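Asks: Below you will find the structure I want to go over with you.
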Amino acid sequence: MKYRAALVFVAAMLALAACDSNKKKKLDEPAKLVELKSPTIKVQRVWGASVGGGGKKMRLGLGLATANERLYAAGYDGDVAAFDLKTGKQVWRTRTKLELTGGTGASTDLVAVGSAKGIVIALSASDGKELWRAEVHGEILSAPAVGSGEVVVRTVDGKLRALGAADGKELWATEQQIPKLTLRGVAAPVIAGEMVISGFDNGRVLAVSLSDGATVWDSPVSPSHGRTELDRLNDIDAAVRIEGDDVFVAGFQGRAAMLALESGQIWWTRDVSSYRGVAVDDDQMYVSTSTGELVALRRRTGTELWRNDTLKFRSLSAPAAVGEYVVVADFEGYVHWFDRTTGTLAGRAKNGGNRVTNAPMVIAETVYLINDEGEISALRAQPVAQRAVKSAPDAAPAATPPASGG
């Protein structure tokens with residue numbers, strides 16, 4: 001299943017590539033980084049650590065989670081570890097001896113991860129002791145959502161399952177019909193009060209009751225269109241973002257949208273393609289597009305505010321809002337800070353030398369990242385001293401304003 005899915009993802013990327021006059025397809029070259037001669041911020045590496053698991057370049061859902069002033073991470077080789085959030089000191093490490101592909105989900109009591117063979121493992125958050133294992137019969141490519149009494153897992157076959165946090169026994173299961181052709185990856189479920197919300201590979205966002213899995217609402221955010229199955233790919237492969245009473249989401253070859261948390265009513269949509277996810281601050285929504293552009297939309301209306309294309313085809317991570325900036329990482333491990341008002345590049349740093357697939361996490365102005373080699377970095381940016389007015393050659397690359405509002 002996982003190898004078929006990997007081939008599907010490659011096929012989708014080839015579908016986006018340019019065609020020459022002989023109809024031969026080739027991948028677009030990643031943009032070369034422009035030297036930033038006058039950065040407006042200085043990035044400091046606060047600490048670094050590793051959970052291992054390098055060598056696999058498949059798109060895995062091994063992101064970071066936090067609780068109890070600790071950072072939790074998992075590696076493909078099977079290690080799950082807890083680190084002190086401020087210092088990076090390792091608190092515990094557990095070797096599960098499984099190929100981990102989805103994680104980490106965490107609460108104050110429990111840390112959950114999933115494997116390529118559909119095994120969910122629950123560990124004690126305090127010391128890493130294994131509490132239980134459960135089989136869900138489907139590859140897990142995103143982090144489980146951990147609630148007070150439930151662990152909710154998405155599998156690649158379109159099923160959403162809740163397991164008891166105490167013993168791993170299945171509480172309920174629901175599913176969506178999945179197209180024959182999909183990208184490799186699934187959206188992580190998100191617990192919001194008494195509901196669980198997740199996007200699916202058919203372009204729909206589903207909210208179900210946390211207690212029994214009954215459907216609360218089902219919204220078609222990104223209807224498929226096109227003549228071929230490649231054209232009709234419309235996966236929602238990243239977790240929704242919930243801010244107050246609103247749900248924000250983006251899909252591949254589909255739309256970015258804002259929905260009402262209570263009813264699933266779609267307030268606005270805008271055509272944009274993304275398989276990485278979105279970030280939201282008080283006023284704006286940020287999207288890393290499938291072609292490597294960073295786009296800022298007005299949160300309440302979806303109006304495009306700016307678009308920066310200086311990182312095209314660099315396989316960007318999901319964005320993260322931090323202070324006055326929005327941060328993305330790329331396939332070479334570079335981390336880029338953009339001014340959230342203007343879209344101007346403000347600074348960059350290096351997080352190892354490998355792709356950052358999973359979304360950065362922001363806590364108290366510090367950006368935490370894990371790359372596909374299992375290397376973890378905590379980064380913090382500080383403004384540099386004000387300089388004289390820059391000449392044109394030294395100016396940081398600026399974003400392109402939208403042609404028109406809407």
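Where a number appears in this text, it was derived from the coordinates with a stated rule and is not lab data. Quantities reported herein were computed from a predicted structural model and do not represent experimental measurements. Virtual Cβ from ideal backbone geometry, glycine too; neighbours counted across all protein chains shown.
Asks: Translational diffusion coefficient, Stokes-Einstein: compute it for region 113-212 using the Kirkwood radius over C-alpha pairs as Rh, at 20 °C and 1.002 mPa s, and state it as an integer in µm² s⁻¹.
Replies: 157
Asks: GluC sites (Glu not before Pro), restricted to region 215-307: which are DSSP loop and have at most 16 other Cβ atoms within 10 Å? Display every interim value, and only then the final one.
Replies: Values: sites: E229, E243, E262, E293, E304; in loops: E229, E262, E293.
Loop-located and lightly packed - E229, E262.
Asks: About the Cα centre of region 266-308, how large is the charge dipole given +1 on each Lys and Arg Cβ and -1 on each Asp and Glu Cβ? Please answer in debye to the nearest 20.
Replies: Around 80 debye, computed over region 266-308.
Asks: Turning to a different aspect of this structure: Within a Cβ distance under 13 Å of W268, other residues only, what is the Lys/Arg minus Asp/Glu net charge?
Replies: With Lys, Arg at +1 and Asp, Glu at -1, the net is +2.
Asks: List the trypsin sites (Lys or Arg not before Pro) within region 94-157 that fall in a DSSP loop (any state other than H, G, I, E or B) and whose Cβ has at most 13 other Cβ atoms within 10 Å.
Replies: Taking region 94-157 and a limit of 13 other Cβ atoms within 10 Å, the loop trypsin sites (Lys or Arg not before Pro) found are K97, K129.
Asks: Further question: How are the Cα pair distances of region 291-373 distributed, in percent, across 10 Å bins from 0?
Replies: Bins of 10 Å from zero give 19, 52, 26, 3 percent of pairs.
Asks: Counting only other residues whose beta carbon sits under 15 Å from that of A31, what net charge do I get with K and R as +1, D and E as -1?
Replies: Net of charged neighbours comes to -2.
Asks: If you wrap a convex hull around the Cα atoms of region 19-163, how much volume per residue is inside, in Å³?
Replies: Details: hull volume 25.0 nm³, N = 145.
About 172 Å³ per residue, rounded to a whole number.
Asks: Additional query: Whole-Hz ³J(HN,Hα) for each residue in region 248-259, computed from phi via Karplus 6.51 cos²θ - 1.76 cosθ + 1.60 with θ = phi - 60°, x for glycine and proline: what do you get?
Replies: Those phi angles translate into 10, 7, 8, x, 6, 6, x, 9, 8, 8, 10, 10 Hz.
Asks: Could you pull out every residue, at least 5 positions away or on a different chain, whose amide H is within less than 5 Å of the one on A239? Hs are placed 1.01 Å off N in the peptide plane, and Pro or chain starts have none.
Replies: Amide H neighbours of A239, under 5 Å, 5+ apart: A188.
Asks: Once amide H atoms are placed 1.01 Å from N in the peptide plane, what residues at a sequence separation of 5 or more from G128, or on another chain, have their amide H within under 5 Å of its amide H?
Replies: Close amide H contacts, sequence-distant or interchain: none at all.
Asks: How big, in percent, is the set of alpha carbon pairs in region 202-321 lying more than 26 Å apart?
Replies: More than 26 Å apart: 18 percent of the Cα pairs in region 202-321.
Asks: If you scale each eigenvalue of the Cα gyration tensor by 5 and take the root, what three semi-axes come out for region 56-118, rounded to whole angstrom and sorted largest first?
Replies: After scaling each eigenvalue by five and taking roots: 20, 11, 11 Å.
Asks: Within the set of other residues whose C-beta is less than 14 Å from the C-beta of A49, count the net charge using Lys and Arg as +1 and Asp and Glu as -1.
Replies: Net charge in that neighbourhood comes out at +1.
Asks: Could you work out the per residue convex hull volume over the alpha carbons of region 2-394, in cubic angstrom?
Replies: Spelled out: Cα convex hull of region 2-394, divided by residues, is 134 Å³.
Asks: Roughly speaking, what is the centre-to-centre gap between region 317-384 and region 102-171 when only Cα atoms are used, to the nearest Å?
Replies: After rounding, the separation between the Cα centres reads 28 Å.
Asks: Can you pull out the trypsin sites (Lys or Arg not before Pro) in region 280-349 whose DSSP state is coil and whose Cβ has at most 14 other Cβ atoms within 10 Å?
Replies: Those satisfying the criteria are R300.
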